[in-house]
1. Here is a list of conditions, (1) open to solvent by less than 70 Å² (accessible area, probe 1.4 Å); (2) at pLDDT 95 or above; (3) over 15 Å from the mean Cα position of the chain (by Cα), and A:SER84 meets all of them except one; can you say which number that is?
2. Is there a residue being more than 13 Å from chain B (Cβ to nearest Cβ) and at pLDDT 95 or above anywhere in region A:100-109?
3. For region B:2-22, state whether one or more residues are among the aromatic types (Phe, Trp, Tyr) and away from every other protein chain (no Cβ under 14 Å).
4. Could you check region A:82-99 and list, in sequence order, the residues that are under 19 Å from A:VAL66 (Cα atoms) and more than 10 Å from chain B (Cβ to nearest Cβ)?
5. What tally of residues in region B:62-110 results from selecting those that are away from chain A (no Cβ under 14 Å), touching a residue at least 40 places away in the same chain (Cβ under 8 Å), open to solvent by 30 Å² or more (accessible area, probe 1.4 Å) and touching a His at 6+ places or on another chain (Cβ under 9 Å)?
6. For A:ALA92, indicate whether it is of a type outside the set (Ser, Thr, Tyr) and outside any strand (DSSP E or B).
7. Any idea which residue in region B:23-47 is farthest from B:ALA68 (Cα to Cα), counting only those that are polar (S, T, N, Q) and within 9 Å of another protein chain (Cβ to nearest Cβ)?
8. Grab the strands (runs of 3 or more DSSP E) fully contained in region B:62-110, keeping just those with 2 or more residues being modelled with pLDDT under 95 and on the phi < 0 side of the Ramachandran plot.
Amino acid sequence: NAGVTQTPKFRILKIGQSMTLQCTQDMNHNYMYWYRQDPGMGLKLIYYSVGAGITDKGEVPNGYNVSRSTTEDFPLRLELAAPSQTSVYFCASSGETATGELFFGEGSRLTVL
Amino acid sequence: GQQVMQIPQYQHVQEGEDFTTYCNSSTTLSNIQWYKQRPGGHPVFLIQLVKSGEVKKQKRLTFQFGEAKKNSSLHITATQTTDVGTYFCAQNTGGFKTIFGAGTRLFVKA
């Protein structure tokens, strides 16, 4: 199994540009998440989804949008990129397991100049 | 909002020494999860604790959940260089919204 796959792995954006970070999982998980991790810091929840068509805000949603049209995909949209959005973005998913374990992708490193 | 506080922020140890990181909450936690993130990597799930006073062991790692379910700890016995990384606690706040602590970064000197 591929697990959780994120693309791109690296991206440099200019201020004001927009882009979409892609995330797909092949584990048939209902729950998907986007986190950002600033250098040397913890993970902050941006948005999450409990199933196709259902999304909700996390701790730091401003400047981002998400959609969940299928169980597998959970893209994160950055509109009007700002230097404050320079970070590593992690997508994660979890299923109906007793442990509630989150499975993470490898991360997408975004730099906004 | 609900959050968990982790201490210490950093810990430097000599290989073979023990290490402990603590996770504290002002509210009762329904559960606590622990993750490890190697430098340059992504977080990897270690364990989930659910019951009051629960203690679980994984080889040299011992995880505890406080009696009041407001704190948790991860203890590593006789650290090795492979233990290097950042250890995060995380709580599921309901509705499958998982919030992470700031993490404790462990440095191990050989």
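The values are calculated or read from the model by the stated rules, or taken from the named source; none is laboratory data. Just so it is clear, the structure is predicted and the values come from calculations on it, not from any experiment. With ideal geometry, Cβ positions are generated from the backbone for all residues, glycine too; neighbour counts draw on all protein chains shown. We work out accessible area using only protein heavy atoms, side chains counted, and drop any ligands, DNA or RNA first. Shrake-Rupley method; radii C 1.70, N 1.55, O 1.52, S 1.80 Å.
1. All conditions are met except number (1).
2. No, region A:100-109 has no match at all.
3. yes
4. Listed by number, the residues that qualify are A:ALA82, A:SER84, A:GLN85, A:THR86, A:SER87, A:TYR89, A:SER93.
5. 1
6. Against the criterion (of a type outside the set (Ser, Thr, Tyr) and outside any strand (DSSP E or B)), A:ALA92 does not qualify.
7. Ranking the qualifying residues of region B:23-47, first place goes to B:GLN37.
8. In region B:62-110, B:85-92, B:98-100 are the strands (runs of 3 or more DSSP E) which contain 2 or more residues that are modelled with pLDDT under 95 and on the phi < 0 side of the Ramachandran plot.
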